Amino acid sequence: MRPGIDHRARRHAFTLIELLVVIDIIAVLIALLLPAVQQAREAARRTQCKNNLKQLGLALHNYADAFGMFPAGHMDTYTDYISAGARHQFSWLTAILPYIDQTPLFNMINFSDADLMLNANVNPKFYEVAGKSVPAFLCPSDPIGRVSPTLAPSNYMASQGSLCDCRGNSCNGLFGHSSYTRLAWITDGLSQTIACGETLKGDLNPATLQDNYIFTNASGSTASNVSTCQSVAPTQSDRATAWFGGQPQFNIMTTLRPPNDKQFDCIAPNYGCTNMAARSAHVGGAHLIFADGSVHFISENISITTFQALGSRAGGEIVGEF
């Protein structure tokens, strides 16, 4: 032993094998922890999405208290349904702005200055309002963000039910075009009638088929029977990209098909109009608001008969568990 060296103070470093073992253990722990973190985050996003719907349900009832009826799915400002493109001006979401603490935004709209020959979504007079993002209209679980510089999107659509004529004035659900539903007309019961539901936003890219829908004027194609549209290529990807107004693909859904239906959504303007299913980024189904303001998570495996019955306001159906 050399004099002056204290061997008791010598420290041993990690060997390469020990270091690799520690790294492997840390990697395994991260792999085990990451799914739990992701699930916790999605649970929080899903809760926020549900809370947004509860807020919209409350707003609809506050609107009904003030006016004696629910708002129209779209408030038409033009009556020439043949030549005008302005049939779909202001959406139900626009109507309830004062009831979700957005009165200043609502007051920015000059309804009397509407250009009647333009749909709201292509009318520059409304871009200042239509471009404002409203947090209550967005589900944080949807991976698609805002895609338009002039129009802000929404993840929530009003239900026209399972039957609706092309112009949407006569629907068996709660919302149509310039048609207003009183609470007394919902004879199936408020807790048994769907009012609104989730949807997934489009990204304006026809190449990403998961958010596309079909637009067809082909003879024999009808959105009332969505299977007749499926032979046509899906070319449209602007679903729910504008909360303010415009065409029904922005904020009107049907209950003809269950949530997250595997078939493409369809618009056939001259043959049955719009067929947009409820859709969500949540696993297994989607949240829907009922006419009593309650929010339910409806499974994508729900009986189609039950789902269509829940979509009608006065069908007289007997609905069991759902």
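The values are calculated or read from the model by the stated rules, or taken from the named source; none is laboratory data. Quantities reported herein were computed from a predicted structural model and do not represent experimental measurements. We place every Cβ from the backbone using ideal geometry, glycine too, and count neighbours over all the protein chains shown.
If you check Asp188 against the conditions, is it touching a strand residue (DSSP E or B) at 6+ places or on another chain (Cβ under 9 Å) and of a type in the set (Asp, Glu)? Answer is no for this residue. Aliphatic (A, V, I, L, M), touching a residue at least 24 places away in the same chain (Cβ under 8 Å), out of contact with any strand residue (DSSP E or B) (no Cβ under 8 Å at 6 or more places or on another chain) and part of a loop (DSSP other than H, G, I, E, B): is that true of Leu256 in this structure? So Leu256 does not fit the description; no.
The residues of the stretch 33-65 that are surrounded by fewer than 11 Cβ atoms within 10 Å (Cβ to Cβ) and modelled with pLDDT of 90 or more amount to a single one, Asp65.
One line per residue, one yes/no per condition, for (1) among the acidic types (Asp, Glu); (2) modelled with pLDDT under 95; (3) over 19 Å from the mean Cα position of the chain (by Cα):
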| position | (1), (2), (3) |
| --- | --- |
| Ser224 | no, yes, yes |
| Thr228 | no, yes, yes |
| Thr241 | no, yes, no |
| Phe244 | no, yes, no |
| Asn251 | no, yes, no |
| Pro259 | no, no, no |
| Leu288 | no, no, no |
| Phe307 | no, no, no |
| Glu321 | yes, yes, yes |
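Quick grid of which residues meet (1) under 29 Å from Lys125 (Cβ atoms); (2) touching a Cys at 6+ places or on another chain (Cβ under 8 Å); (3) not charged (D, E, K, R):
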site	(1), (2), (3)
Ser148	yes, no, yes
Tyr156	yes, yes, yes
Gly161	no, yes, yes
Cys171	yes, yes, yes
Gly202	yes, no, yes
Gln236	yes, no, yes
Trp243	yes, no, yes
Asn251	yes, no, yes
Thr254	no, yes, yes
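The residue of the stretch 141-156 that is surrounded by the most Cβ atoms within 10 Å (Cβ to Cβ), among those that are under 25 Å from Thr103 (Cβ atoms) and more than 11 Å from the chain's Cα centre (by Cα), is Leu151.
Val232 passes every criterion in (1) within 19 Å of Pro143 (Cβ to Cβ); (2) in a loop (DSSP other than H, G, I, E, B) apart from (1). Do the conditions hold for Ser219, that is, is it assigned to a helix (DSSP H, G or I) and surrounded by fewer than 24 Cβ atoms within 10 Å (Cβ to Cβ)? So Ser219 fails the test. Here Thr216 does not fit the description of being of a type outside the set (Phe, Trp, Tyr) and under 20 Å from the mean Cα position of the chain (by Cα).
Residues of the stretch 222-246 that are surrounded by 23 or more Cβ atoms within 10 Å (Cβ to Cβ) and either of a type outside the set (Phe, Trp, Tyr) or out of contact with any Phe, Trp or Tyr (no Cβ under 9 Å at 6 or more places or on another chain) (or both): Ala223, Val226, Cys229, Asp238, Arg239, Ala240, Thr241, Ala242, Gly245, Gly246.
Out of (1) under 12 Å from the mean Cα position of the chain (by Cα); (2) at positive phi, what's the single condition that is false for Ala277? So the condition that Ala277 fails would be (2). Answer yes or no as to whether Leu174 is within 26 Å of Pro135 (Cβ to Cβ), part of a loop (DSSP other than H, G, I, E, B), within 14 Å of the chain's Cα centre (by Cα) and in contact (Cβ under 8 Å) with a residue 60 or more places away in the chain. No. Just the residues that are without any contact (Cβ under 8 Å) to a residue 60 or more places away in the chain, in contact with a Pro (Cβ under 9 Å, 6 or more places away or on another chain) and not small (Gly, Ala, Ser), please, taken from the stretch 185-215. Scanning the stretch 185-215 gives Lys201, Pro206, Leu209, Asn212, Ile214, Phe215.
Cβ separations smaller than 7 Å between residues 6+ apart or across chains give the following pairs from the stretch 118-141 residues that are without any contact (Cβ under 8 Å) to a residue 40 or more places away in the chain to residues that are outside any loop (DSSP other than H, G, I, E, B) and surrounded by fewer than 16 Cβ atoms within 10 Å (Cβ to Cβ): Lys125/Asp113.
Within the set Ser133, Ser112, the sole residue that is small (Gly, Ala, Ser) and farther than 25 Å from Ala277 by Cα turns out to be Ser112. Flag: Asn301 does not match the condition of being surrounded by fewer than 20 Cβ atoms within 10 Å (Cβ to Cβ), out of contact with any Pro (no Cβ under 9 Å at 6 or more places or on another chain) and either at pLDDT below 95 or in a loop (DSSP other than H, G, I, E, B) (or both). Screening the candidates Val319, Val283 for the property of being closer than 17 Å to Ser162 by Cα and in a loop (DSSP other than H, G, I, E, B) yields one hit, Val319.
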